[in-house]
Structure formats: C-alpha cells, structure tokens
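Written out below as structure tokens is the structure these notes cover.
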C-alpha cells in the first residue's frame, strides 16, 4: 500500500510539474535608465545600443545591476544600425553612414547613397542587407568594412516591414501578411525560394532553426514550419494580450512584445507552446532584447530603458 501511494504521489508530482510549474518564468524589474529621447530600437553587440530620434545610446550588458551608459552624439537621426568589427553602419534618411568606433572621438569615414526609402539594415557574414520600401532588398559586401561594395538587389512584393537573416536565407515580412524567403548564398542571383501569405500585416520575423515566428498584431504570432520550401506550413498562433509586434527566440522560450507587456511561451517539444509568464508595464513597449537568456532590456515610450531579470522555475 505504501509503495502504491509513493507511485501515485510521484505521478501526481510529474503531472503537476508538466502542466503548472515546468518552464514557468517570473520577471522582476531590477533597473531602469532615463533617456533624453524616446528609444525606438535596440541592437545587441558588445553593448546594448539604443536608437532614438536624436542620438544613439550605448548601455552595458555585462552587469545589468550597475549600468554604464553614454550618448553617442556622433550618430544622430539614425533609423537603424548594424555592426561589423569596430565599424558601425547607421541608416539615415538618404544615406548609410559608416563610423569607425576605434577612433576617439568616433569618426564618420564614409557614406553610401541609397535610392528610395530604406527602413532597416542588418549585417550577416560580411554582407549588409538594406530593406528598401521602393526597390526591395539591397546587398553590399562589407568584408572590407571601410570600403563597402554594392552587389545586387532583389525586388520584393508588397511593402516590406522587417528582415531576418539565418542560414543563408533572408526572411522578409511585409504588408498584407506576406513573407518572402530569399536564398542569399549567391549574391549575383538572390532567388526567392519560398513565400507565405496570410491576412493582416506582418511585423519583423524571428527565425529559430526550422521555425519562423511572425508577429501580426491582434492576431498574435504566427508560427511556421520552414523546413520544406517553397511552402512554409502554419503550425499554431501564439496569442498575446493585445498587439504582438516583436518576437525573440531564446533557448526554449519565445518572448513576445505586446503593447504594454512582455509575454513568455515555453516550447519543450514541437508545437507544444504554452504560456509561461509575463510582465506588465504602464507605458507602451517599442522594442526589447534578450541578453544571454538572463535579462530583457525593454525600451518604453516614456523615454526609459527598463531591465527585467528572468527567473526560471523547473
């Protein structure tokens, strides 16, 4: 009888862990930083670089309890930035400016003129990808970082909204719920190797292995299996509280930036996502970044950078 009781107790404990506790997270705000301007984007490199309408801010990530921050006044009015080595590429209204961070003060060394309206730049494996609403995806060779060379352009249907580079493919989200997948192995060709279309507008995608996460506002986050192209397969929708506009994948967790909350979903098996925890803010969230799976840096519209600590419970 005693052995039966122990077996039942063990089974109950395992079930309880599976459905309630395993993978649960608790988020605590441990620090915050008041900025001079509203932060609109955040890029992780050696530090967290916060983009605002005026300056770029550099904020340390090695010790979130004791933040070290500075205003990079040499870079102003940037819409997007990307790094390679000690060079920073900053997207401006009519050009992409190149800055040498090894100089003191930081020195602007070059400009790349771009045609149309570029909304985002990213650098991956020595190439810069510029997302242009007018002409599509432009590619530059920046292996010699202070001497960028234009390579090619791929036209994209619908107005693009975001880009993610993974495993030699560019995943570009767009208006009207459109996703274009471009093979960037051969920069002279840039063929479109997959597409997906759904209702509503897509925000910037996030790719984790063979899975694409695409925030779609009030419809939550679409989860797609991208292992078999040209046709990604819809798996599930993750629903946030109101308006999912950013996704970050970190280990087995999917972090969703909603209007005023950070939502967490745990994935311990294919398509087994379940709600794991959240943190609510009084002000709207613009962008977030997950640092080493331990902290979340959150940019809010009231001119703050707020730091959350992730506490896991298994």
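The values are calculated or read from the model by the stated rules, or taken from the named source; none is laboratory data. Keep in mind the model is a prediction, meaning the values are calculated, not measured. Using ideal geometry, Cβ is built from the backbone for each residue, glycine included, and neighbour counts are taken over all protein chains shown.
Scanning the range 15-34 for residues that are closer than 18 Å to residue 293 by Cα and at pLDDT 95 or above, which turns out surrounded by the most Cβ atoms within 10 Å (Cβ to Cβ)? Checked the range 15-34; the qualifying residue surrounded by the most Cβ atoms within 10 Å (Cβ to Cβ) is 27. What are the residues in the range 43-55 that are within 17 Å of residue 302 (Cα to Cα) and part of a strand (DSSP E or B), if any? 50, 51, 52, 55 - these are the residues of the range 43-55 that are within 17 Å of residue 302 (Cα to Cα) and part of a strand (DSSP E or B). Here the range 293-314 is the region considered, the condition is being surrounded by fewer than 19 Cβ atoms within 10 Å (Cβ to Cβ) and farther than 15 Å from residue 27 by Cβ, and the residue that is modelled with the lowest pLDDT is 314. Scanning the range 204-218 for residues that are surrounded by fewer than 20 Cβ atoms within 10 Å (Cβ to Cβ), assigned to a loop (DSSP other than H, G, I, E, B) and in contact (Cβ under 8 Å) with a residue 24 or more places away in the chain gives a single hit, 218. Total residues in the range 104-128 satisfying the condition of being part of a strand (DSSP E or B) and over 20 Å from residue 56 (Cα atoms): the figure is 3. Evaluate the following for residue 247: is it surrounded by 20 or more Cβ atoms within 10 Å (Cβ to Cβ), at pLDDT 95 or above and within 27 Å of residue 120 (Cα to Cα)? Yes: the conditions hold for residue 247. Taking the criterion of being surrounded by fewer than 19 Cβ atoms within 10 Å (Cβ to Cβ) and at negative phi, the residues of the range 262-283 that qualify are 268, 269, 270, 272, 274, 275, 278, 280, 282, 283.
The set of residues in the range 137-160 that are surrounded by 20 or more Cβ atoms within 10 Å (Cβ to Cβ) and over 20 Å from residue 84 (Cβ atoms) comprises 154, 156, 160.
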